[in-house]
Structures are given as structure tokens and as C-alpha cells.
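Here's the structure we're looking at; comments come further down.
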Amino acid sequence: MPNFKDILDIHPNPCVIHINFVPKYANNAFARFSGLETAEDVLGLESIRVLFEEAHWPEAQRRYERAIETGQATPPEVINHTDIKGNPMIAQITDKVVDWYGEKAMCTFISVVTDQIKRERTLRDMANRDDLTNLFNRRYLTKQFDKSSLSSSPARFLAMVDIDHFKRINDSWGHPVGDLVLRQVAKLIEGFSDPGECASRLGGEEFALLFWADSEQQAIERLEGLRKEIEAYVVRVSHTSRQPLSINCTVSIGATQIDIEESFLTVSLRADDSLYKAKNTGRNRLVFNGVIETLAIKDAANA
């Protein structure tokens, strides 16, 4: 290989030269990165594609062809890498076209950034979480609302959930007990959410749920199930100076379906109106688009 081989052989960063992903040269750092013993083992691979996720293959091919055609280096890219033994890593790759004995080839340098990416993800996640309950916060909720607006199927719903008479809990037993109640109720609210949905704490004793359902009736049934679960739940508090406490609490829920292209402000105000009605008609009930949906209360009202 050209005059750089001796340098690349001892370079601490993994490096591989390939033609359409068939390896032509690799340094020992790349062998270790790949879970192989020596650089010669790398050259025995039919393709280095086996070292990264199959979902990335089409994009990798496009990058390769674009670079070979233009002769320009590709911008750094972070990809999920799996070595030959199945160990996952996160790698940043940088490609540059080189001459390999008269043929255009790709020289790929690799930096392992697993720890760095994990730290960045952790910091991002912390910025999106409520400190007390570890639910998502309002900022993250609004971001997810905007993302979910790209699809109208299945139907999207927003629910506001408020713990009834929460001030009494703080006044009667103190804020540490109030915080415990918030955390326990938050766990139940988090358990309501399916993957891809968003349970968040807006502040104080108010929570919000951005969720999906196949129909309005299914959304109502899900929310009624959550209300009943919280109503039946007992928060137990151990005291060193008092008798243990058993606290029951209930929630009022206001909910609405989200029409496509509606803003978060518009939808949240409508859900808030239903929450206001739930709280001002007796609490411990679900109001959907201004209509009381809690079965026993609805039946009593219609009697």
C-alpha cells in the first residue's frame, strides 16, 4: 500500500480500506474493534457489512457510491456497530477515497464513541424528565405532540389528570408525604402508557397523557381503567414518630381527541376545560369533550 501503511499499522484508531465493502487492508486496531485476532482475519471477511446493522446497509451503500463518484470525503456519521462476537458498540465513521493500486477504494477511520453517546443521551433524557416523578416534562410532551401530528392513524388523544384535594394531603401530613403520593400516582400513570405514548408531569399535582386509541370509546375505556386503578390504590407511608399512614386518593380527568394539525395550545385548552368540569361536578370522574363518562356518575345523572 502506499506510503501510509506503516503509520496506519500502529495508529490507535481502527482503520480499514475496502472496495465496495470487501476489505483490502485493515490495521490491528480495526481487528480488535471487529472482535478478530489479527488484521489478516479481517481480510478473510467477504464483506465488512457484517460489522454493522443491516438496516444501515442501504445508507452505507449510498455513502460509498457518492464518495467514489465525487472523490469527496463523507461527513462523519454515528452508527450502531456489532463486532463478530455480537458485542454492540456505537462508532463514528469517517470515509475518504484513496487510490488502492490503481483502483478507487474507501479508507474508513473509526472512533468508538459509545460512552460519549451514552452520556449525551443521559443528559438529554435528564433534561426531558421531571425531577420528582421521573415522568417526562412539559417541554418533552410538546415536542412529542408536534412529532405525532405527522400521523393521524391511529387516533390521538390528550388527557389532563389532576389529583383530587392534593392540598389537603400536604396540609395534613406534610410535603414529604405529598411527594410520595405524587411519585406513587406517577407510577400508575406511567404504567398506563404504551410504547411510543407520553406520560408527563406538568407541575404540582397535574399530569398529562398523550396516547393513541383505535376509537373514542377505546380511549374512554382506557382512561376509566386508569381512574379506577388510582381510586383503588393505597399509598402506604411508614412513620418513625407516628402510626403508619394509608392514603387513598382519586383523580379527575379531562380528555379530548386531537384533530390533525391542531396546535398543542388548542388541544390542551380543550382538555383543560373538561378537567375543570370534572373537578367542579364532584371530582373522581372522567369528562371527555365536556361529557361526563364515568359510568356510575353518568348513570345517576341520567336516572
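The values are calculated or read from the model by the stated rules, or taken from the named source; none is laboratory data. If you're wondering where the values come from, they're calculated on a predicted model, not measured in any experiment. Positions of Cβ are backbone-derived with ideal geometry, glycine not excepted, and every protein chain shown enters the neighbour counts.
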- Task: Would you check if there is a residue in segment 80-92 being among the polar types (S, T, N, Q) and not in a strand (DSSP E or B)?
- Result: yes
- Task: Consider only pairs whose beta carbons are under 7 Å apart and that are at least six residues apart or on different chains; among these, list those whose first residue lies in segment 49-68 and is more than 18 Å from F30 (Cβ to Cβ) and whose second residue is part of a helix (DSSP H, G or I).
- Result: W57/R49
- Task: Inspect all residues belonging to segment 176-188 and state whether any of them is farther than 19 Å from D272 by Cβ and either of a type in the set (S, T, Y) or not in a helix (DSSP H, G or I) (or both).
- Result: no
- Is at least one residue of segment 141-150 at pLDDT below 90, among the acidic types (D, E) and farther than 30 Å from S34 by Cβ? yes
- Just to be sure, is A255 in the same structural domain as R183 (by TED's automatic domain parsing), in a helix (DSSP H, G or I), closer than 25 Å to K187 by Cβ and not basic (K, R)? no
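Residues to consider are I93, I84; find the one that is surrounded by fewer than 16 Cβ atoms within 10 Å (Cβ to Cβ), at pLDDT 80 or above, among the β-branched types (V, I, T) and not assigned by TED's automatic domain parsing to the domain that holds K143. It would help to see each step written out before you state the result.
On the way: I93 fails: surrounded by fewer than 16 Cβ atoms within 10 Å (Cβ to Cβ).
Among I93, I84, only I84 is surrounded by fewer than 16 Cβ atoms within 10 Å (Cβ to Cβ), at pLDDT 80 or above, among the β-branched types (V, I, T) and not assigned by TED's automatic domain parsing to the domain that holds K143.
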- Within segment 199-226, how many residues turn out to be outside any strand (DSSP E or B) and under 15 Å from D130 (Cβ atoms)? 2
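Restricted to segment 108-130, and to residues that are polar (S, T, N, Q) and at pLDDT 70 or above, which residue is farthest from the chain's Cα centre (by Cα)?
Going through the qualifying residues, I end up with T108.
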- Message: Whether any residue in segment 227-244 is touching a residue at least 24 places away in the same chain (Cβ under 8 Å), in contact with a Cys (Cβ under 8 Å, 6 or more places away or on another chain) and in a strand (DSSP E or B) is what I want to check.
- Response: yes
- Message: Can you pull out every residue in segment 11-38 that is surrounded by 14 or more Cβ atoms within 10 Å (Cβ to Cβ) and more than 17 Å from W100 (Cα to Cα)?
- Response: H11, N13, P14, N28, A29, F30, A31, R32, F33, S34, G35, L36
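Quick grid of which residues meet (1) basic (K, R); (2) under 22 Å from the mean Cα position of the chain (by Cα); (3) buried (at least 19 other Cβ atoms within 10 Å of the Cβ):
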residue	(1), (2), (3)
V177	no, no, no
K187	yes, yes, no
G191	no, yes, no
E197	no, yes, no
L209	no, yes, yes
Y233	no, no, no
S238	no, no, no
P244	no, no, no
- Enumeration of residues in segment 252-292 that are of a type in the set (D, E), surrounded by 14 or more Cβ atoms within 10 Å (Cβ to Cβ) and within 18 Å of W212 (Cβ to Cβ): E262
